[in-house]
Each structure stands twice: as structure tokens, then as C-alpha cells.
Amino acid sequence: MRRFARLFAALDASTATHAKLAALKAYLAEAAAADAAWAVYFLAGGTPRRTVPTRVLREAALAASGLPEWLFEECYQAVGDLAETIAHVLPAPAAEDDLGLAGWVEERLLPLRGQPAATVRERLIDHWRVLDWPGRFLLTKLIGGGFRVGVSRLLVIRALAEHAGVDATVVAQRMMGYTDTDALPTAERFARLIAAGTDGPVAAGAPYPFFLAHALADPAALGAVADWQVEWKYDGIRAQLVRRAGQAWIWSRGEELVTERFPEIAAAGARLPDGTVLDGEIVACTDGRRPAPFALLQKRIGRKTLTRRILAEAPAAFIAYDLLETGGSDRRTLPQHARRALLEATLAHAAGPGLLLAPVLDAADWAGCAALRAEARARGVEGLMLKERAGRYGTGRTREAGTWWKWKVDPYSIDCVLIYAQAGHGRRAGLYTDYTFAVWSDDAPERRLVPFAKAYSGLTDDEFRAVDAVIRRTTVEKFGPVRSVTPSLVFELGFEGIQASPRHKSGVAVRFPRMLRLRPDKKVEDADTLARLRELLAAGAPAAA
Amino acid sequence: MSDLVVLRPEGLYCPAGDFHIDPWRPVERAVITHAHSDHARAGHRHYLAASPSAHVLRARLGEIRLQTLDYGAALDIGGVRVSLHPAGHVLGSAQVRLAHRGTVWVVSGDYKAAPGFAAEDATCAPFEPVRCDAFISESTFGLPVYRWQPQARIADEINAWWAGNADAGRASILYAYSFGKAQRILAMIDARIGPVYCHGATEAVNAAYRASGVALPPTLPAGAGVAADDRRRALVLAPPAAQGSAWARRFGEAADAFASGWMQLRGARRRQGVDRGFVLSDHADWPGLERAIAASGASRVILTHGQVAVMVRHLAAQGLDAQAFATEFAGEAGSAADAGAAAPGAAAGAPGAEVAAPASPAATAA
Ligand SMILES: [Zn+2]
Ligand SMILES: [Zn+2]
């Protein structure tokens, strides 16, 4: 545990990639396999189900620290991170113990789940007592379900590859499914990750690493449109449909196995020949042909259990746009157009309910493409995908194999006023970075500012600091962690979608709001109105909803 | 009985003796706790300060009409018996003790108070607890999350970091406030690791410290010529303002770090944008504040700057008569000026009851 806590602290403290890589490799070189198995699991984004509710965590921390609740709360507000707050306020450790990470997780942390709150509190306090600062911080992060560290999965894969002397793409394949919630890490599984050899046996259902697209601002530099395969950019969940050994698996881009979440797609997968892997998008699809707005899919994702009713209301389909494997052979090195031909041939038999073929769009030139893109919103898609016809299927955001571009429609934007602010967490703890924005109501002359969106991204660190200073200067009231301010700042807020929402005061809900820029040139009075939001709503409502 | 110290627009004021303490506007007669710029300002007619602070005060304020007083010695000002006592903050820092008609008040200025009021900082006399009826205290780090490690441990960390960089052939730039913190660090480090360079602002204060008889290891001005070989093993001390400047780039590939009490929090550390944060402060941590307040024996405590609202509520809960003065003192300079501190202007109020946050407005973003 101490080793991993030290690694975590090193990764957390450093901003340099080479330093992180060096720390990861140093850890792998000295850690026992059973411990490294868990370390890789956590670092690659594995999240065991939360073992201790936040409330119990707080109660234990209060008891151990002897602080009154209000003072603990003040500390939390200053620190912005619960685990860090707890690590700071606990009394000095009594002793330290040498149990490894695997021992800690398997013998001490996982068994906490489902225990009565009083037992959990007692054990937590015992555990904290034998850990130093980094250990306490780590432990609390792990049991609170908030473990995140500034290391990409790709970097973990690189460290493993360099540690083991195995090709990184092979490790990437082996890593698929490694962080799946239902299979806990073991020394054996870790040994398989780093086993010598170039293509160890791929588990029957394993997908390929996803090839990711880059954002495109202007296609003019891409050369002839004929060199590109043009498709819609769907607004759904990126996924691979794997059919092998008489079984179907569905993997989301987060490498989560989601087969059970989409039984209609799994059933459609059974129509595919064995040894087939498709890449595509999961969308909600009410008419069997066109994607419905993402909100419908989201509604379904939010459900713990799939009822007959939700399956009927929000049926899902897999829109296939690439083929990575046929006849059990890896086809990723074929050019895009050749994979497309195989995809069409495969789907000729298999397409149907739950499994659709993404159309390739026709455009004579880039102007024609732009015209298609302009239709995107009405069609319920996000824009266009441009895929190099001669390109192979790469790994992650690589470009050497050929590039995928996503040419999205411009987001909606609106000028609005900052009215509430809340302190950020993690890297931005202690700074007010989470903002609530408002537009003017229509009822002049006594119009009011009506909140309609929250956003916390889009500004540079310097801009955040400047806004933070204004917030502190213009604070009217504090409600717990939230401050209301005298409206003085206008922002241009961008968002990807808008829909009617009777639950919200403004009558609308916006999707993926983010700050595009500060508008120091605008006065608060010049901000947009509810009427403007309703215009956007009317203009953007998907035709085929 | 009237208060010995009250808050005036010019600053803290003793009506009985007709003088100010660390005033922020020009006054006739100012008693200065220490030479930091938010406590010692230019423009007063008469200055009174502790003897060891004379060189640094003059280095900062130029020719001033300065009367000095040894620690523990007393002076009668308008019938008020005034004496100065070590505050352990920086060279020459003092608590101001005021005695008048059987009542004793102490104004702490800034201070740090190690366990047992031990002498850790080799560059100034350690905090000396002074019994009083009313204690006017700072509370820069008045939250239980602020607990300092023993200085020796931080010294080990800094030396290890420096030695590691030197072995890797890169300079170590350490940002630290140029008056007080930098000299304390100089007195902590193992100067055998490599040459030590100082920024001009730091070097000027070093000279004042040496003139005051404080032993510091040899330092070189990081002005013009720094030989490439020297650079690779060098420790460079610079004020935080130099971070990211052309000045800092002259050392080539370098590791950088920041030494401040604010570095206790990961968020502040990240915002600072340096490779490393060392938690080192010349202000009292939470236990230090509690220790000093308890040792004063005061039944009345007035907080001047920092986490004022929290401290007031905490002390009131222990049955003390606690209140706040809304001063213009700045707390620990150099970073995170307001890392979760109380709202501006809210200093005098008790923290509001926990109120539910306003209803969450629209946001369907995942
Ligand atoms: Zn000071
Ligand atoms: Zn101060």
C-alpha cells in the first residue's frame, strides 16, 4: 500500500509526462504482481463499486478528527476534495503496517461493502490509524469511489509495454476489459498483460482499441473530396459489436461491457457470421431507421433495470460504420474503402432491427459537404465524419494510419450572465470555477435574470483566476459552497443541443454547455433573453423525433 | 473600562497612548510589528520597532525616523507601558505588549509558534508567549487542515530535491518570499550540495540579515554571468513574481518549486504550476494558533486577518470572547491570496448558518 501511495503521490504531484512514465515503471519494477494487478486496474480507470457511502466516510472522519461538523465543512470548502480534507484533519498515525495493495483492497476494503455503518466507521478509523498522509489520502479516495489520477490509460499501457518489453498495441488489446467491474484483478491476469510474445490469445469477446476522430475546423486543406468517405456523425454511444464463438459482445468506448444493457443489439449481433467485429454507434431508434435525439438514449442509460416499457419507449440500434474483423481475421490494415465494401457485404444479410448500416453520403465538392452538414441538426446528428478512403484503422488518436475527422455543426451560442458560482474541485479546488448562467425573462419592464445552465469549462486558468477575483469582490450571499453575485459578467455560452424541459425554470434544458468566451464588451443588459432560447429550440427540434 | 486598542480608518490605534500599530495610512506615531510591506508602510512621522528589525526596515523603507527597542525592554508612551516581544515570524518581528492601569493587551502582528515554542527558525528569535487580558491575533492559516511538519523534515525534502536535480544536471529554482522565507531557507539548506544563487530582490534582504548578524551561507547574485557547469548544480532562490519570467529561463533546463504554507493543499499546488510544493510558512498553523492563544491566557481574542470568521466561531465555542477587526493586512504573500478565505467584508460577521444551495438550474450535460 505504501508503494502505491507513493506512486499515486508522485503521479499527482508531477505534470511532466516523462516523470510520470518513470514513476510508473519504477513502481512496476518493484511491486509484487498481485499488487501491480490492482495498481494497473485503478490507474487505467477501473472503479470497484463504491464500498463506503460518503455520509459514513464523513461520520468516521468527524469521529476520528474530533472536529465539530461546521469546522469540518469549512475545511472541506477550502480544500475542495473530501479525501484530501480527511487526510489533513486526522490525528498523526499510531503505527504503520506493511500490507500490500492487493491485501488492502481484498482483505480490508472490499469486505467493507454491506457492513453496518457502525462497523464501517470503526474499521475505517483503524485503517486510517496505520497509514501516513499519502496512504490515508489514497485509501479514502479508493473507498469513496473518487479515485482519479492524471494518467491516461495510454500512458499506463506504455509503461506496461516498456516494463515488459512487449509491443504497446498488444498490451492495449490485452488491457481491453481489464477494468471491467465484474472481473477483479489478480496476479494471473496481470501476468497475462505483460506476458512475452506478440499476440497472446485474445479473450473470445475482446474488442479492438477504438480509432478516434480529430476535430476539423475547415475541410479546405483536405484535398479532393473524392479521397474521403463522408458519413453522418451520430450522437450516441460509440461501441464495438463483437461476434465470436457463437456469442455476441457489445463494448462501449469506455471499454465497458454493455451487452446486457442492449439486448436488442445483442440479438441482432446473433445474425452476424462468427468472427465478425463491427465499429459503430449505439443510438435510440424509434422508427427503425433514423436516430432519435440523444436525450431518449440518455433516459434509457439512466435506468438501473430495463423494463419492458423502457425497451418499447426507447429501443436501441447499432449503426455500423466500420468493419474490423471478418472470418476471424483482423481487417484493420485494409484501406477504409475496402473495409466499407466488406461491411456492406456483411450487413446485406445481417441488417435489420437493432442493426443498421450507416449510409455513405454523396457530395461532389466541399460546398456540397457543407450543405449536408447544414442539415445535420434537423436530422438529429452532430455533423459529418470525413474518413480517408485509403486510410487504415488506427489506434486511439494516432494519425499515421489515416485520419478520421469529425466536422461538427457549430454549437448553439448565447450571451448570458453569471449569477451563482461554486468552488471547483481537484485541480481547481479553492477557485470559483463552476458557474450558473442566466438570461433575461421576457416580461419587460420588470424583467429578471432566469438561470438556465451551469458550466465549468472553456476558460483558461488565467481567465478563471480573473473571474474568481470578480466573484469574491461581488459576492452578495453565501449559501454553503455557493455564492450569489451582483451580476456583472457576460459570457458567450456554447451548447450542443437544446430541448424543452418543464422541470426547469427557464423551460429549456441545454446539452454540454461550456463557456466559449468572456464578453467584457457586453453589458449585463445586453445579454440574451428567454425568447432567444425558445427561438433556438424551435429551429433545432429534430424533425424525426 | 475602555479598550486599549481600537480599529480606526488608519489602522489599529491605542487611544490611551495616542499611537498606531502597523497602520495602513500615514500617521504621527507608528509602532511596527515587522518589516513586511502590509505591516510596515512608508509615510509615518515616527517609527518604533524591535532592535533586530532596524536593518531590514531601513532596507525596505529607506531613511525613516526610527526608534528601536530591545525585546523585553519597556517604554512609556502617553502613560501606556509599551514593550516588544519576539513573534518568531521573521527577523525583528515583535508582539506589542501594552499595559495601562492594570490591563494588558498584546498585538501579535504575524507569528509562528512551533510545538513548545521551540526555536526552529535560525534567522529570528522564537515566539515568546506573553500573558494578557486581550490578544489581537492573526489567523492566516486558521483552519485545521493547516498543520506544519517540523522544519527539519522540510529541510530534508528541499535538500533531497536539490541534490536529485543536481545529479540529473539541472538547476533547482525555488520560489520563496524574498524577505523572511528566503533567508530561513538559506539557513536550513545543506550548502555543500552546490552553489546558491539569489535573485536581486532576495540578495538585498540577505545583505540586511547579514548586517544584523544573522549567519547565512555564501550566496551569489543571479545577475549576469552564471557558468553552465555551476548552473547545473545550482539552487536558485527567487521571489514568486519571477516565476515564468525571462529571468527564470536563463537557468536553462530547471526544476522549479514553491515554498509556502499554501502548498499544503493540492489545489493550490497545482494552480501554482510548479513541479514541487514545499509546505513552509512563517505563519502559525492551526495548532500554533491554538497554542499561542491558550498561552496568552487572554479571555478576549480579536482576529485581524486570514481565516477570521472560522477562528471567531471556533474560539467562541470554547467560551472565549472572540471578535474580528477588518484590517488591511494581507496574510502570507506570494500565492493563493484567498484560498478559501472568508468573503471580503465578511470578516466581522460570524459565519452564516448552513443554507441550502439555490435550486440547481438546467443542465442535462453528462
Ligand atoms: Zn508578515
Ligand atoms: Zn501579515
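Residues of region B:265-305 that are of a type outside the set (A, V, I, L, M, F, W, C), under 23 Å from B:Ala118 (Cα atoms), outside any loop (DSSP other than H, G, I, E, B) and away from ligand 1 (no atom under 16 Å from the Cβ): B:Pro287, B:Glu290, B:Arg291, B:Ser296.
This table checks each residue for (1) small (Gly, Ala, Ser); (2) more than 15 Å from ligand 1 (Cβ to nearest atom); (3) within 14 Å of another protein chain (Cβ to nearest Cβ); (4) in a loop (DSSP other than H, G, I, E, B).
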| residue | (1), (2), (3), (4) |
| --- | --- |
| B:Val27 | no, yes, no, yes |
| B:Thr33 | no, no, no, yes |
| B:Ile64 | no, yes, no, yes |
| B:His85 | no, yes, no, no |
| B:His89 | no, no, no, yes |
| B:Val106 | no, yes, no, no |
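Residue check: is A:Arg243 closer than 23 Å to A:Phe495 by Cα and assigned to a strand (DSSP E or B)? For A:Arg243, the condition - closer than 23 Å to A:Phe495 by Cα and assigned to a strand (DSSP E or B) - is not met. Of all residues assigned to region A:107-126, none qualifies as being open to solvent by less than 30 Å² (accessible area, probe 1.4 Å), within 14 Å of chain B (Cβ to nearest Cβ) and in contact with a Leu (Cβ under 9 Å, 6 or more places away or on another chain). For region B:122-152, a tally of residues being within 16 Å of ligand 2 (Cβ to nearest atom) and closer than 12 Å to B:Ser281 by Cβ returns 4.
With A:Gly46, A:Gly80 as the choices, which residue is within 17 Å of A:Lys141 (Cβ to Cβ) and in contact with a helix residue (DSSP H, G or I) (Cβ under 6 Å, 6 or more places away or on another chain)? Working first, answer last.
Details: A:Gly46 fails: in contact with a helix residue (DSSP H, G or I) (Cβ under 6 Å, 6 or more places away or on another chain).
Going through A:Gly46, A:Gly80 in turn, just one is within 17 Å of A:Lys141 (Cβ to Cβ) and in contact with a helix residue (DSSP H, G or I) (Cβ under 6 Å, 6 or more places away or on another chain): A:Gly80.
One line per residue, one yes/no per condition, for (1) over 29 Å from B:Ser178 (Cα atoms); (2) in contact with a helix residue (DSSP H, G or I) (Cβ under 8 Å, 6 or more places away or on another chain); (3) among the charged types (D, E, K, R):
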| residue | (1), (2), (3) |
| --- | --- |
| B:Arg65 | no, no, yes |
| B:Asp70 | no, yes, yes |
| B:Leu75 | yes, no, no |
| B:Ala99 | yes, no, no |
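Within the option set A:Ala64, A:Ala92, A:Ala83, A:Ala60, being modelled with pLDDT of 95 or more and surrounded by fewer than 23 Cβ atoms within 10 Å (Cβ to Cβ) holds for one residue only, A:Ala64.
Results for (1) farther than 28 Å from B:Pro126 by Cα; (2) away from ligand 2 (no atom under 16 Å from the Cβ); (3) more than 11 Å from chain A (Cβ to nearest Cβ); (4) touching a strand residue (DSSP E or B) at 6+ places or on another chain (Cβ under 6 Å), shown as yes or no for each residue.
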| residue | (1), (2), (3), (4) |
| --- | --- |
| B:Ala222 | yes, yes, yes, yes |
| B:Ala234 | yes, yes, yes, yes |
| B:Gly273 | yes, yes, no, no |
| B:Arg291 | no, yes, yes, no |
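State the number of residues belonging to region B:39-78 that are closer than 14 Å to B:Pro26 by Cα, away from ligand 2 (no atom under 16 Å from the Cβ) and open to solvent by 50 Å² or more (accessible area, probe 1.4 Å). Qualifying residue count, region B:39-78: 5.
Of the strands (runs of 3 or more DSSP E) contained entirely in region A:425-519, those carrying at least 1 residues that are touching a strand residue (DSSP E or B) at 6+ places or on another chain (Cβ under 8 Å) and surrounded by 19 or more Cβ atoms within 10 Å (Cβ to Cβ) fall at A:432-440, A:449-455, A:482-485, A:490-495, A:497-500, A:508-511, A:514-518.
Among the residues of region B:91-104 satisfying the criterion of being more than 16 Å from ligand 1 (Cβ to nearest atom) and not in a loop (DSSP other than H, G, I, E, B), which is surrounded by the fewest Cβ atoms within 10 Å (Cβ to Cβ)? Looking at residues that are more than 16 Å from ligand 1 (Cβ to nearest atom) and not in a loop (DSSP other than H, G, I, E, B), I get B:Thr103.
In region B:244-264, of all residues being hydrophobic (A, V, I, L, M, F, W, C) and outside any helix (DSSP H, G or I), the one that is most open to solvent (accessible area, probe 1.4 Å) corresponds to B:Ala254. The set of residues from region A:5-20 being surrounded by fewer than 17 Cβ atoms within 10 Å (Cβ to Cβ) and away from chain B (no Cβ under 11 Å) comprises A:Thr17, A:His18.
Number of residues in region A:226-247 that are open to solvent by 20 Å² or more (accessible area, probe 1.4 Å) and farther than 18 Å from A:Val409 by Cα: the value is 10. Checking region B:36-44 against the condition returns no match, with no residue being assigned to a helix (DSSP H, G or I), away from chain A (no Cβ under 14 Å) and more than 16 Å from ligand 1 (Cβ to nearest atom).
Looking across region B:119-165, the residues that are open to solvent by 50 Å² or more (accessible area, probe 1.4 Å) and either within 14 Å of chain A (Cβ to nearest Cβ) or under 20 Å from A:Ala92 (Cα atoms) (or both) come down to B:Arg147, B:Trp148, B:Gln149, B:Pro150, B:Ala152, B:Arg153, B:Asp156, B:Glu157, B:Ala160.
Considering B:Asp22, B:Asp18, which residue is within 16 Å of ligand 1 (Cβ to nearest atom) and touching a residue at least 40 places away in the same chain (Cβ under 8 Å)? Going through B:Asp22, B:Asp18 in turn, just one is within 16 Å of ligand 1 (Cβ to nearest atom) and touching a residue at least 40 places away in the same chain (Cβ under 8 Å): B:Asp22. Quick check: is even one residue across region A:185-203 open to solvent by less than 10 Å² (accessible area, probe 1.4 Å), more than 29 Å from A:Gly328 (Cα to Cα), at pLDDT 90 or above and in a helix (DSSP H, G or I)? So far as region A:185-203 goes, no, none of its residues is open to solvent by less than 10 Å² (accessible area, probe 1.4 Å), more than 29 Å from A:Gly328 (Cα to Cα), at pLDDT 90 or above and in a helix (DSSP H, G or I). Here A:Val510 passes the criteria (1) touching a residue at least 60 places away in the same chain (Cβ under 8 Å); (2) more than 13 Å from chain B (Cβ to nearest Cβ); (3) β-branched (Val, Ile, Thr) except the one numbered (2).
Among residues of region B:87-98 that are touching a residue at least 60 places away in the same chain (Cβ under 8 Å), those with a beta-carbon under 6 Å from a residue that is away from ligand 2 (no atom under 13 Å from the Cβ) and among the polar types (S, T, N, Q) at least six positions away or on a different chain give the pairs B:Leu91/B:Thr123; B:Gly92/B:Ser53. Of all residues in region B:215-243, exactly one satisfies the criterion of being among the polar types (S, T, N, Q) and open to solvent by 30 Å² or more (accessible area, probe 1.4 Å), namely B:Gln243. Looking at the structure I just gave you, is A:Arg465 under 30 Å from B:Val310 (Cα atoms) and not small (Gly, Ala, Ser)? When the stated conditions are applied, A:Arg465 passes them. Of the listed requirements (1) touching a strand residue (DSSP E or B) at 6+ places or on another chain (Cβ under 6 Å); (2) assigned to a loop (DSSP other than H, G, I, E, B), B:Glu138 misses just one: (2).
The values are calculated or read from the model by the stated rules, or taken from the named source; none is laboratory data. Just so we're clear, the structure is a prediction, and the values are computed from it rather than from any experiment. Note: ideal-geometry Cβ built from the backbone for every residue, glycine included; neighbour counts use all protein chains shown. For accessibility, only protein heavy atoms count, side chains too; no ligands or nucleic acids. Shrake-Rupley method; radii C 1.70, N 1.55, O 1.52, S 1.80 Å.
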